[in-house]
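Here the structure comes first, spelled out in structure tokens, and everything after it is commentary.
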Amino acid sequence: HFDLEKLTVIVEPGNAIVASAIDFVSSVLDIKKIRDFYIVTTDGSRNDIDPFYKKSSYFYEIIKNKGNKENIVPLQIITGGTCLEYDKMYEIKDNCLLNIGDRILYKSVGAYTMTLSPLFIRFFPYIYLKDKDNYLLLRKKWSASDFFDIYDTV
């Protein structure tokens, strides 16, 4: 038995609170046509939007930077910038062809991705806080010197 009057329950809501508050923006780096479909490579990764590799679809918005908005293509496969097979994230069917510089805004994906994303192929991205229409830089994009600075302190 235990005394309920002395019991304290601590709840860590983590994912439920943080995931809905954080979005991730990636940019289109490259587009390759293969037979009748396009491979769209982005500077994001599945590590950034789905660190447990379980999702088959995402809430996202395409932000067109330039190019023809009427060039509809049958299939685009959106991939991350790593060389890993699981970085083939999802397909966009019968939609406007993305162009280099276009962005993809992934909604409500930030729970643990800022801490679980490995430093594989690329370093940590910029992190901003949006306050109404203003953006405040919370963490700058890492460079090689930032990475090596960690080891200089050890």
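Observations on the structure shown:
- Sequence of Asp87, Asp131 from largest to smallest accessible area, 1.4 Å probe: Asp131, Asp87
- Among beta bridges identified by DSSP and lying wholly in the stretch 16-102, the antiparallel ones come to about 75 percent.
- Taking the protein heavy atoms of the chain in the context of the full set of protein chains, the accessible area attributed to carbon and sulfur is 57 percent at 1.4 Å.
- Order of exposure, largest accessible area first, which applies to Thr79, Thr42, Thr8 with probe 1.4 Å: Thr8, Thr79, Thr42
- Inter-probe distance in nm under a simple model that places probes 7 Å from Cα toward Cβ, at Asp3 and Leu136: 4.4 nm
- 24 Å Cα-Cα reach of Lys132 towards lysines, excluding residues that sit fewer than 8 places from it in its own chain: Lys64, Lys107, Lys140, Lys141
- Its relative contact order, with pairs defined as Cα atoms under 8 Å and 6+ residues apart, puts the chain at 27 percent.
- For the chain, built as a Gaussian network whose Cα springs stay under 10 Å, the top-fluctuating residue of Arg35, Arg103, Arg46: Arg35
- Listed residues Tyr38, Tyr60, Tyr128 arranged by accessible area, highest first, probe 1.4 Å: Tyr128, Tyr60, Tyr38
- Expressed to the nearest 5 percent, the antiparallel share of DSSP beta bridges inside the chain is 85 percent.
- Here Asp23 sits with roughly 80 square angstrom of accessible surface, probe radius 1.4 Å.
- If you take the Cα centroid of the stretch 50-85 and the Cα centroid of the stretch 121-154, the two points sit 24 Å apart.
The values are calculated or read from the model by the stated rules, or taken from the named source; none is laboratory data. What you see is a predicted model; the values in this text were computed from it and never measured. Neighbour counts run over all protein chains shown; Cβ positions are idealised from the backbone, glycine included. Side chains are part of the model used for accessible areas, which takes the heavy atoms of the whole protein and leaves out ligands, DNA and RNA. Shrake-Rupley method; radii C 1.70, N 1.55, O 1.52, S 1.80 Å.
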